[in-house]
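Notes to accompany the following structure.
The values are calculated or read from the model by the stated rules, or taken from the named source; none is laboratory data. Remember, predicted model here, so these are calculated numbers, not experimental data. Heads up, the Cβs are rebuilt from the backbone with ideal geometry, glycines too, and the neighbour counts pull from every protein chain shown. These area figures cover heavy atoms from the full protein model, side chains too; ligands, DNA and RNA do not enter into them. Shrake-Rupley method; radii C 1.70, N 1.55, O 1.52, S 1.80 Å.
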Amino acid sequence: MLKRKKREKRELPLAPLERLLKKCGAKRVSENGVKEFASVLYEYAYSLSAEAVALAEHAGRKTVLESDVRMARRKEKF
């Protein structure tokens with residue numbers, strides 16, 4: 001009986017990220033390269049999300065608005 005490789009739980013799918021890297025000019029992308037790219041994007045998205053939620057809460061809202069995300073992006077300077 002073959003043992004199955006334990007699948008890692010990922011927040012972001014790798015295939016679209018690989019396509020994005022190739023669209024930007026990469027001829028080939030290693031699996032570890034895509035995983036690291038996903039990790040960096042996840043960290044940025046998490047940080048941006050937390051800041052947007054904090055801004056919405058500060059304004060007394062439960063709903064995160066487009067303006068909260070834009071303001072959070074300006075604060076992150078990215």
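Observations on the structure shown:
- Residue in the range 26-40 that is surrounded by 10 or more Cβ atoms within 10 Å (Cβ to Cβ), acidic (Asp, Glu), closer than 28 Å to Ala72 by Cα and at pLDDT 95 or above present: yes
- Only a single criterion out of (1) more than 24 Å from Pro13 (Cα to Cα); (2) in contact with a helix residue (DSSP H, G or I) (Cβ under 8 Å, 6 or more places away or on another chain); (3) open to solvent by 80 Å² or more (accessible area, probe 1.4 Å) is not satisfied by Arg73, namely (1).
- Of the helices (runs of 4 or more DSSP H) lying entirely inside the range 7-77, the ones with 1 or more residues being in contact (Cβ under 8 Å) with a residue 24 or more places away in the chain and polar (S, T, N, Q) are found at 31-58.
- The set of residues from the range 9-25 being exposed (fewer than 11 other Cβ atoms within 10 Å of the Cβ) and of a type in the set (A, V, I, L, M) comprises just one member, Ala15.
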